[in-house]
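Report on one structure; see the data block that follows.
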Amino acid sequence: MEAKFIPYSKKLLKGEELKLESIRHYQFMETRRSVREFSKEQISMEVIDNIIMAASTAPSGANKQPWMFCVVTDAELKSKIRVAAEKEEYESYNGRMPQEWLNDLSYLGTDWHKPFLEDAPALIIVFKKSYDLENDIKKNNYYVSESVGLACGFLLQAIHQCGLVALTHTPSPMNFLCSLLNRPVNEKPFLLIPIGYPAVDVKVPDIKRKEKNAIITYY
Ligand code: IYR
């Protein structure tokens, strides 16, 4: 396809206004936390759709947008997902995960029980498409994990912007999601993200984020 360019413009910030905006945004993002206990309060499908459409504005290799977002609100299907995830997680916590990993997780207080898979009003299950299938013909995608990771970051940001909470969950292995959700062969599960309102009086682990000098190197 031939390259075609269109004008691009956006509001530019300078000086003090730019500085204040960068501080405001950092302070807002600093309040985002992964939450593991959800209220059963519903959220509208329109809100979920808009959050996902915001996620899908992420950049992707050759603009292939190699993602599929599956939204599960059906109680019976959420229950099936919980049963299958807990079966895998039980095995992981009782033998599959090495002691170092279990030690690294201990301060989060996680275990194989996953009630949030039923409590959260919606589960967004993100699939990555290692290739596209057009009339049974394989079409390459590029930088698929990077692209889908970026879209998930945008998704978490949109959820936070809307005042909702989420968990970045990775039941391992996640293959059971392909059959439960009847996905085509070119889609592989990437992340399972419950979304909703936090449970009343929810608590989160007392974690610290790394200091500036531990994460930025200047040249
Ligand atoms: N998938 C497990 C274990 C787990 C792994 C990591 I790395 C975490 O940051 C948190 C949990 C679970 O969801 O409990």
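Structure above, values below:
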{"read-out": "One residue from Lys139, Lys128 being surrounded by 14 or more Cβ atoms within 10 Å (Cβ to Cβ), in a strand (DSSP E or B), modelled with pLDDT of 95 or more and away from the ligand (no atom under 16 Å from the Cβ)", "value": "Lys128"}
{"read-out": "Pair list, Cβ < 8 Å and 6+ apart or interchain, from region 92-113 residues that are within 15 Å of Thr170 (Cβ to Cβ) and assigned to a loop (DSSP other than H, G, I, E, B) to residues that are modelled with pLDDT of 95 or more and away from the ligand (no atom under 11 Å from the Cβ)", "value": "Trp112/Asn94"}
{"read-out": "Those residues of region 128-161 which are under 23 Å from Glu30 (Cα atoms) and among the aromatic types (Phe, Trp, Tyr), in sequence order", "value": "Phe154"}
{"read-out": "Filter result for Ser56 (over 19 Å from Lys128 (Cβ atoms) and either touching a residue at least 12 places away in the same chain (Cβ under 8 Å) or of a type in the set (Ser, Thr, Tyr) (or both))", "value": "no"}
{"read-out": "Candidate set: region 198-219, residues that are closer than 13 Å to Leu167 by Cβ and not small (Gly, Ala, Ser); chosen: the one least open to solvent (accessible area, probe 1.4 Å)", "value": "Pro205"}
{"read-out": "Search result, residues across region 169-197 that are of a type in the set (Ser, Thr, Tyr) and either open to solvent by less than 70 Å² (accessible area, probe 1.4 Å) or within 16 Å of the ligand (Cβ to nearest atom) (or both)", "value": "Thr170, Ser172"}
{"read-out": "Subset of region 69-93 that is open to solvent by 90 Å² or more (accessible area, probe 1.4 Å) and away from the ligand (no atom under 12 Å from the Cβ) - its residue that is nearest to Ser179 (Cα to Cα)", "value": "Lys80"}
{"read-out": "Filter result (open to solvent by 10 Å² or more (accessible area, probe 1.4 Å), more than 16 Å from the ligand (Cβ to nearest atom) and closer than 16 Å to Val47 by Cα) within region 142-163", "value": "Phe154, Gln157, Ala158, His160, Gln161, Cys162, Gly163"}
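A quick yes/no check of all residues on (1) surrounded by 11 or more Cβ atoms within 10 Å (Cβ to Cβ); (2) touching a residue at least 40 places away in the same chain (Cβ under 8 Å); (3) within 17 Å of the chain's Cα centre (by Cα):
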residue: Met1; (1), (2), (3): no, no, no
residue: Pro7; (1), (2), (3): no, no, no
residue: Leu12; (1), (2), (3): no, no, no
residue: Glu37; (1), (2), (3): yes, yes, yes
residue: Lys40; (1), (2), (3): yes, yes, no
residue: Val47; (1), (2), (3): yes, yes, yes
residue: Ala62; (1), (2), (3): yes, yes, no
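The values are calculated or read from the model by the stated rules, or taken from the named source; none is laboratory data. Not measured: the values here are computed from a predicted model. Every residue, glycine as well, gets a Cβ built from its backbone with ideal geometry; the counts of neighbours run over all protein chains shown. Protein only, heavy atoms only, side chains kept; ligands, DNA and RNA dropped before computing areas. Shrake-Rupley method; radii C 1.70, N 1.55, O 1.52, S 1.80 Å.
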